[in-house]
1. Do you know which residues across the range 48-69 are in contact with a Leu (Cβ under 9 Å, 6 or more places away or on another chain) and either of a type in the set (Gly, Ala, Ser) or in contact (Cβ under 8 Å) with a residue 60 or more places away in the chain (or both)?
2. Give me the pairs: first residue in the range 150-168 and over 30 Å from Gly52 (Cα atoms), second residue in a strand (DSSP E or B) and hydroxyl-bearing (Ser, Thr, Tyr), beta-carbon distance under 6 Å, and six or more apart or on different chains, which are they?
3. In the range 180-195, which residues are of a type in the set (Val, Ile, Thr) and open to solvent by 70 Å² or more (accessible area, probe 1.4 Å)?
4. Residues to consider are Glu57, Glu73; find the one that is under 18 Å from Asp169 (Cα atoms), of a type in the set (D, E, K, R) and open to solvent by 30 Å² or more (accessible area, probe 1.4 Å).
5. Can you name the residue in the range 160-177 that is out of contact with any Lys or Arg (no Cβ under 9 Å at 6 or more places or on another chain) and open to solvent by less than 60 Å² (accessible area, probe 1.4 Å) and is also farthest from Ala113 (Cα to Cα) among such residues?
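The values are calculated or read from the model by the stated rules, or taken from the named source; none is laboratory data. Computed from a prediction, not measured in an experiment: that's the story for all the values here. We place every Cβ from the backbone using ideal geometry, glycine too, and count neighbours over all the protein chains shown. Surface accessibility is based on the protein's heavy atoms, side chains included, excluding ligands, DNA and RNA. Shrake-Rupley method; radii C 1.70, N 1.55, O 1.52, S 1.80 Å.
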Amino acid sequence: MTQDMLLGNEEPSKSKETFLEKFCVLAKSAEGAALLDVIRQALEAPNVFVFGELLAEPSVSQLKDGPNAKHFESLNLFAYGTYKEYRAQPDKYIDLSPAMQKKLQHLTIVSLAIKAKSIPYDLLLSELEIDNVRHLEDIIIEAIYADIIHGKLFQNTRILEVDYAQGRDIPPGYTGQIVETLQAWVNSCDSVSNCIEMQIKYANAEKSKRLINKERVEQDLINLKKVLKSQTSDSDESMQIDTHGPGTSGGLGQSELRKKPSKLRNPRSAAVGLKFSK
(Lines give C-alpha, C1' and ligand atoms only; values in the text may rest on other atoms or scores of the structure.)
Protein backbone atom coordinates (compact mmCIF):
# COMPACT_ATOMS: atom_id res chain seq x y z
CA MET A 1 0.00 0.00 0.00
CA THR A 2 1.46 3.36 -1.00
CA GLN A 3 1.73 6.32 1.33
CA ASP A 4 -1.18 8.06 -0.34
CA MET A 5 -3.85 6.41 -2.45
CA LEU A 6 -6.24 8.06 -4.88
CA LEU A 7 -9.43 6.06 -4.88
CA GLY A 8 -12.77 6.32 -6.62
CA ASN A 9 -13.98 8.01 -9.78
CA GLU A 10 -14.65 11.71 -10.10
CA GLU A 11 -18.40 11.27 -10.33
CA PRO A 12 -20.85 8.76 -8.83
CA SER A 13 -21.76 6.00 -11.26
CA LYS A 14 -25.38 5.30 -10.41
CA SER A 15 -28.05 6.39 -7.94
CA LYS A 16 -28.51 3.88 -5.13
CA GLU A 17 -32.20 4.75 -4.90
CA THR A 18 -32.95 2.42 -7.84
CA PHE A 19 -31.84 -0.61 -5.80
CA LEU A 20 -34.38 0.25 -3.08
CA GLU A 21 -37.36 0.15 -5.41
CA LYS A 22 -37.80 -3.64 -5.36
CA PHE A 23 -37.88 -3.64 -1.55
CA CYS A 24 -40.51 -0.90 -1.59
CA VAL A 25 -42.62 -2.97 -3.97
CA LEU A 26 -42.29 -6.03 -1.73
CA ALA A 27 -43.15 -4.01 1.39
CA LYS A 28 -46.42 -2.78 -0.13
CA SER A 29 -47.92 -6.29 -0.10
CA ALA A 30 -45.92 -7.99 2.67
CA GLU A 31 -47.21 -8.49 6.19
CA GLY A 32 -45.97 -9.99 9.43
CA ALA A 33 -42.80 -12.05 9.19
CA ALA A 34 -42.56 -11.45 5.44
CA LEU A 35 -42.39 -7.69 6.00
CA LEU A 36 -39.72 -8.11 8.67
CA ASP A 37 -37.73 -10.25 6.27
CA VAL A 38 -37.98 -7.54 3.59
CA ILE A 39 -36.55 -5.03 6.05
CA ARG A 40 -33.66 -7.30 6.99
CA GLN A 41 -32.87 -7.93 3.33
CA ALA A 42 -32.86 -4.18 2.63
CA LEU A 43 -30.50 -3.55 5.56
CA GLU A 44 -28.13 -6.25 4.35
CA ALA A 45 -28.28 -5.52 0.61
CA PRO A 46 -24.83 -4.29 -0.56
CA ASN A 47 -26.20 -1.68 -2.99
CA VAL A 48 -28.87 -0.06 -0.81
CA PHE A 49 -27.73 3.00 1.14
CA VAL A 50 -30.91 5.11 1.28
CA PHE A 51 -34.06 4.00 3.09
CA GLY A 52 -36.42 6.99 3.14
CA GLU A 53 -38.90 5.54 0.65
CA LEU A 54 -39.06 2.23 2.49
CA LEU A 55 -39.64 4.04 5.81
CA ALA A 56 -42.50 5.97 4.19
CA GLU A 57 -44.40 2.80 3.28
CA PRO A 58 -47.56 2.57 5.43
CA SER A 59 -46.92 -1.05 6.33
CA VAL A 60 -43.45 -0.17 7.61
CA SER A 61 -44.61 2.93 9.49
CA GLN A 62 -47.11 0.82 11.42
CA LEU A 63 -44.25 -1.14 12.98
CA LYS A 64 -43.15 1.88 15.01
CA ASP A 65 -45.54 1.33 17.94
CA GLY A 66 -45.96 -2.46 17.67
CA PRO A 67 -44.08 -5.48 18.98
CA ASN A 68 -41.70 -5.29 16.03
CA ALA A 69 -40.61 -1.72 16.71
CA LYS A 70 -36.96 -2.83 16.71
CA HIS A 71 -37.17 -3.43 12.98
CA PHE A 72 -38.53 0.07 12.42
CA GLU A 73 -35.86 1.57 14.70
CA SER A 74 -33.14 -0.39 12.89
CA LEU A 75 -34.34 0.88 9.53
CA ASN A 76 -34.47 4.39 10.99
CA LEU A 77 -30.89 3.95 12.28
CA PHE A 78 -29.60 3.01 8.83
CA ALA A 79 -31.43 5.95 7.29
CA TYR A 80 -30.24 8.67 9.68
CA GLY A 81 -27.96 7.24 12.37
CA THR A 82 -24.36 6.16 12.88
CA TYR A 83 -22.44 3.16 14.10
CA LYS A 84 -21.69 4.87 17.41
CA GLU A 85 -25.40 5.34 18.08
CA TYR A 86 -25.94 1.64 17.54
CA ARG A 87 -23.11 0.75 19.92
CA ALA A 88 -24.53 3.10 22.56
CA GLN A 89 -27.96 1.34 22.60
CA PRO A 90 -27.68 -2.06 20.91
CA ASP A 91 -30.81 -3.39 22.66
CA LYS A 92 -32.92 -0.78 20.87
CA TYR A 93 -32.27 -2.46 17.53
CA ILE A 94 -32.35 -5.92 16.01
CA ASP A 95 -29.21 -8.03 16.12
CA LEU A 96 -27.07 -6.77 13.25
CA SER A 97 -25.15 -9.27 11.18
CA PRO A 98 -21.45 -8.55 10.38
CA ALA A 99 -22.51 -7.34 6.92
CA MET A 100 -25.06 -4.96 8.45
CA GLN A 101 -22.54 -3.59 10.95
CA LYS A 102 -19.98 -2.97 8.22
CA LYS A 103 -22.63 -1.24 6.10
CA LEU A 104 -23.53 1.00 9.05
CA GLN A 105 -19.85 1.87 9.39
CA HIS A 106 -19.78 2.83 5.72
CA LEU A 107 -22.80 5.08 6.24
CA THR A 108 -21.08 6.65 9.24
CA ILE A 109 -18.12 7.54 7.02
CA VAL A 110 -20.58 9.15 4.59
CA SER A 111 -22.05 11.26 7.39
CA LEU A 112 -18.58 12.44 8.40
CA ALA A 113 -17.66 13.15 4.77
CA ILE A 114 -20.75 15.32 4.32
CA LYS A 115 -19.67 17.51 7.25
CA ALA A 116 -15.95 17.79 6.41
CA LYS A 117 -13.75 17.09 3.39
CA SER A 118 -10.68 16.29 5.50
CA ILE A 119 -11.31 13.59 8.10
CA PRO A 120 -8.53 12.63 10.55
CA TYR A 121 -7.91 8.95 11.17
CA ASP A 122 -8.36 9.53 14.90
CA LEU A 123 -11.94 10.71 14.39
CA LEU A 124 -12.72 7.76 12.13
CA LEU A 125 -11.23 5.30 14.61
CA SER A 126 -13.38 6.80 17.36
CA GLU A 127 -16.65 6.94 15.40
CA LEU A 128 -16.27 3.44 13.97
CA GLU A 129 -14.86 2.03 17.23
CA ILE A 130 -11.86 0.50 15.47
CA ASP A 131 -8.42 0.23 17.12
CA ASN A 132 -6.45 -0.88 14.05
CA VAL A 133 -5.42 1.54 11.28
CA ARG A 134 -5.12 -1.20 8.69
CA HIS A 135 -8.66 -2.35 9.47
CA LEU A 136 -9.85 1.27 9.20
CA GLU A 137 -8.25 1.70 5.78
CA ASP A 138 -9.88 -1.51 4.60
CA ILE A 139 -13.29 -0.19 5.68
CA ILE A 140 -12.67 3.11 3.85
CA ILE A 141 -11.56 1.32 0.68
CA GLU A 142 -14.69 -0.86 0.79
CA ALA A 143 -16.85 2.28 1.08
CA ILE A 144 -15.06 3.77 -1.93
CA TYR A 145 -15.56 0.62 -3.98
CA ALA A 146 -19.24 0.71 -2.98
CA ASP A 147 -19.29 4.12 -4.72
CA ILE A 148 -20.68 6.02 -1.74
CA ILE A 149 -17.53 8.13 -1.27
CA HIS A 150 -14.53 9.07 -3.41
CA GLY A 151 -11.31 10.26 -1.87
CA LYS A 152 -7.65 9.92 -1.12
CA LEU A 153 -5.90 8.31 1.85
CA PHE A 154 -2.82 10.07 3.25
CA GLN A 155 -1.03 7.57 5.46
CA ASN A 156 1.75 9.98 6.46
CA THR A 157 -0.64 12.61 7.81
CA ARG A 158 -3.36 10.06 8.72
CA ILE A 159 -6.11 11.92 6.89
CA LEU A 160 -8.89 10.93 4.51
CA GLU A 161 -9.45 13.62 1.86
CA VAL A 162 -12.98 13.32 0.46
CA ASP A 163 -13.78 14.34 -3.13
CA TYR A 164 -17.38 13.11 -3.21
CA ALA A 165 -19.88 11.71 -0.72
CA GLN A 166 -23.31 10.31 -1.45
CA GLY A 167 -26.15 12.09 0.33
CA ARG A 168 -28.08 10.33 3.07
CA ASP A 169 -31.79 10.44 3.85
CA ILE A 170 -33.12 13.71 5.25
CA PRO A 171 -34.55 13.29 8.77
CA PRO A 172 -38.18 14.32 9.36
CA GLY A 173 -38.43 18.02 10.21
CA TYR A 174 -34.95 18.72 8.89
CA THR A 175 -36.30 20.39 5.74
CA GLY A 176 -37.11 23.48 7.83
CA GLN A 177 -33.43 23.82 8.75
CA ILE A 178 -32.49 23.41 5.10
CA VAL A 179 -34.91 26.19 4.14
CA GLU A 180 -33.47 28.45 6.86
CA THR A 181 -29.94 27.75 5.70
CA LEU A 182 -30.83 28.46 2.09
CA GLN A 183 -32.70 31.62 3.07
CA ALA A 184 -29.68 32.84 5.04
CA TRP A 185 -27.54 32.16 1.98
CA VAL A 186 -29.98 34.10 -0.23
CA ASN A 187 -29.97 37.03 2.20
CA SER A 188 -26.19 37.01 2.21
CA CYS A 189 -26.13 37.02 -1.59
CA ASP A 190 -28.58 39.95 -1.63
CA SER A 191 -26.37 41.91 0.75
CA VAL A 192 -23.32 41.27 -1.39
CA SER A 193 -25.27 42.22 -4.52
CA ASN A 194 -26.44 45.51 -2.93
CA CYS A 195 -22.89 46.29 -1.85
CA ILE A 196 -21.61 45.67 -5.37
CA GLU A 197 -24.31 47.91 -6.85
CA MET A 198 -23.35 50.72 -4.45
CA GLN A 199 -19.72 50.34 -5.43
CA ILE A 200 -20.66 50.47 -9.11
CA LYS A 201 -22.68 53.67 -8.59
CA TYR A 202 -19.82 55.25 -6.65
CA ALA A 203 -17.31 54.25 -9.35
CA ASN A 204 -19.53 55.69 -12.10
CA ALA A 205 -19.97 58.96 -10.18
CA GLU A 206 -16.21 59.27 -9.68
CA LYS A 207 -15.68 58.53 -13.36
CA SER A 208 -18.11 61.31 -14.34
CA LYS A 209 -16.35 63.77 -12.01
CA ARG A 210 -12.99 62.92 -13.50
CA LEU A 211 -14.28 63.31 -17.06
CA ILE A 212 -15.75 66.72 -16.23
CA ASN A 213 -12.52 67.79 -14.55
CA LYS A 214 -10.51 66.54 -17.53
CA GLU A 215 -12.66 68.52 -19.97
CA ARG A 216 -12.30 71.66 -17.79
CA VAL A 217 -8.51 71.29 -17.63
CA GLU A 218 -8.31 70.74 -21.39
CA GLN A 219 -10.44 73.85 -22.02
CA ASP A 220 -8.22 75.89 -19.66
CA LEU A 221 -5.18 74.75 -21.61
CA ILE A 222 -6.78 75.77 -24.89
CA ASN A 223 -7.64 79.20 -23.50
CA LEU A 224 -4.13 79.60 -22.09
CA LYS A 225 -2.60 78.73 -25.45
CA LYS A 226 -4.81 81.35 -27.12
CA VAL A 227 -3.71 84.02 -24.62
CA LEU A 228 -0.03 83.18 -25.06
CA LYS A 229 -0.38 83.21 -28.84
CA SER A 230 -2.11 86.60 -28.72
CA GLN A 231 0.62 88.10 -26.47
CA THR A 232 3.38 86.76 -28.75
CA SER A 233 1.67 88.30 -31.80
CA ASP A 234 1.38 91.73 -30.10
CA SER A 235 5.08 91.66 -29.11
CA ASP A 236 6.16 90.90 -32.68
CA GLU A 237 4.12 93.80 -34.06
CA SER A 238 5.64 96.20 -31.50
CA MET A 239 9.18 95.22 -32.48
CA GLN A 240 8.40 95.76 -36.18
CA ILE A 241 7.17 99.31 -35.46
CA ASP A 242 10.39 100.26 -33.57
CA THR A 243 12.77 98.91 -36.22
CA HIS A 244 10.95 99.82 -39.48
CA GLY A 245 9.16 103.08 -38.56
CA PRO A 246 10.31 106.60 -39.90
CA GLY A 247 13.05 108.48 -37.95
CA THR A 248 10.86 111.40 -36.80
CA SER A 249 12.15 111.48 -33.25
CA GLY A 250 15.63 112.90 -34.04
CA GLY A 251 17.16 109.52 -34.56
CA LEU A 252 19.06 108.50 -37.63
CA GLY A 253 17.51 106.46 -40.29
CA GLN A 254 19.06 103.35 -41.69
CA SER A 255 20.19 105.13 -44.87
CA GLU A 256 21.90 107.84 -42.82
CA LEU A 257 23.54 105.26 -40.62
CA ARG A 258 24.95 103.68 -43.73
CA LYS A 259 26.24 106.97 -45.16
CA LYS A 260 27.76 108.58 -42.06
CA PRO A 261 30.60 106.19 -41.48
CA SER A 262 31.95 107.01 -44.97
CA LYS A 263 32.47 110.68 -43.98
CA LEU A 264 34.53 109.74 -40.97
CA ARG A 265 36.58 107.17 -42.77
CA ASN A 266 40.41 107.48 -42.20
CA PRO A 267 40.79 111.01 -40.84
CA ARG A 268 44.57 110.78 -41.12
CA SER A 269 44.38 110.60 -44.90
CA ALA A 270 42.66 113.99 -44.92
CA ALA A 271 45.41 115.58 -42.88
CA VAL A 272 48.16 114.43 -45.28
CA GLY A 273 47.17 116.98 -47.93
CA LEU A 274 47.58 120.09 -45.70
CA LYS A 275 50.34 122.55 -46.42
CA PHE A 276 51.91 124.80 -43.80
CA SER A 277 53.56 128.21 -44.75
CA LYS A 278 55.64 130.50 -42.79
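1. Phe49, Val50, Phe51, Gly52, Leu55, Ser59, Ser61, Ala69
2. Sorted first by the residue in the range 150-168, then by its partner, the pairs are Ile159/Ser118.
3. Applying the first criterion (of a type in the set (Val, Ile, Thr)) to the range 180-195 yields 181, 186, 192.
Thr181, Val192 - these are the residues of the range 180-195 that are of a type in the set (Val, Ile, Thr) and open to solvent by 70 Å² or more (accessible area, probe 1.4 Å).
4. Details: Glu57 fails: open to solvent by 30 Å² or more (accessible area, probe 1.4 Å).
Of the residues listed, the single one that is under 18 Å from Asp169 (Cα atoms), of a type in the set (D, E, K, R) and open to solvent by 30 Å² or more (accessible area, probe 1.4 Å) is Glu73.
5. Pass one, the range 160-177, residues out of contact with any Lys or Arg (no Cβ under 9 Å at 6 or more places or on another chain): 164, 167-177.
Keeping just the survivors that are open to solvent by less than 60 Å² (accessible area, probe 1.4 Å) gives 164, 167-169, 171, 176.
Details: Tyr164: 8, Gly167: 10, Arg168: 11, Asp169: 14, Pro171: 17, Gly176: 22 Å.
Selected residue: Gly176.
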